[in-house]
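What follows is a single structure, written as structure tokens, with notes after it.
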Amino acid sequence: MHSSLAAAHDTGSSAAVRLASRSALPPAFAASLTDDERAAFEALRPAVRRLQVGQVLYEQGDASEFVYLLIDGWAFRYRTLGDGRRQIVDFTLPGALLGFGPGRIMSHGVEARTVCDLCVIPRARFDALLLQVPSLAIRLIQTLAQNEAIALERLMTIGRQSARERIAHLLVELVARARQSGLKVSDKGFTLPLTQTHIADAIGLTSVHVCRTLAELRKGGVVLLRAGRLQILDIRQLTAEAGFAEDDPMPWSDGAGNAGSGGNFLRPFVAPRGDAQGFAARVPLAG
């Protein structure tokens, strides 16, 4: 069984080492706050903790008295069946709020895919902050609405799209969400620390099927896998494979026409049609 950071809070384990010099806010999230909102948040003096690769923040069924704001790194939410089968229900990027739900018992687990820094806030203090600063409560409602839109989109994808469409859809989603989270996304590269198993567990396929489908996309001139890199040769075709038109509103859009919204999602890194250099994303796709 994984050790969890939530458990470390209760036991005083060294797994939850405070990073005193680390900012408690993701840069993109901090930039979106007003001065008053930022001051109210920083007045909480939240702890900043680090998860190592593969470490669990909390398990499905755990009781947690904390909420967590992901400052840096990639993690994923998952649910497991009694026989150990796993479904990844979401990949979380900087700015994600974790551990906030209708009760204190977690309906899912969270595991770090990379080294992750998290802002740790006692649930009671977080609730008080929302009462003190209503504009932050409104932001939270907007975030939860966006999460619902992403979940509905994923449900449609798994239920109705082909393997090829599912993989294309996931890649389009992650690129757009990474830009929205303030991560560097350009024609020179994009760190996407997922294995074929993570992709398979997120979209209801086997690793073998993911491998075969990625090979088909490569042969079709849509994506190219080479030495641990995923190069998207034709982002417009990849978007079409996912079932989107270039000007479609994306389910992960912030609603204001910013990064991730329709055609805006394509502009920063789309190569001209026929340009083989395309868009590159670093993806270690081993097992």
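Every number in this text was worked out from the coordinates using simple rules, so none of it is lab data. Because the structure is predicted, anything quoted here is derived from the model rather than measured. Cβ coordinates were reconstructed from backbone atoms using ideal geometry, including for glycine residues, and neighbour counts include every protein chain displayed.
The fewest-to-most ranking of Y78, Y68 by surrounding Cβ atoms within 10 Å reads Y78, Y68. Can you grab the distance from the C-alpha centre of segment 35-55 to the C-alpha centre of segment 130-200, Å, no decimals? A separation of 22 Å, based on Cα centres.
Packing, as the average of other Cβ atoms within 10 Å across residues, places the peptides 150-157, 234-241 in the order 234-241, 150-157, highest first.
Label-to-label distance, S32 versus R160, with points set 7 angstrom from Cα along the beta-carbon direction: 2.8 nm.
Computed over segment 5-143, the range of Cα coordinates on each principal axis works out to 48, 30, 26 Å, biggest value leading. Considering only Cα atoms, the convex hull volume of segment 57-202 works out to 122 Å³ per residue.
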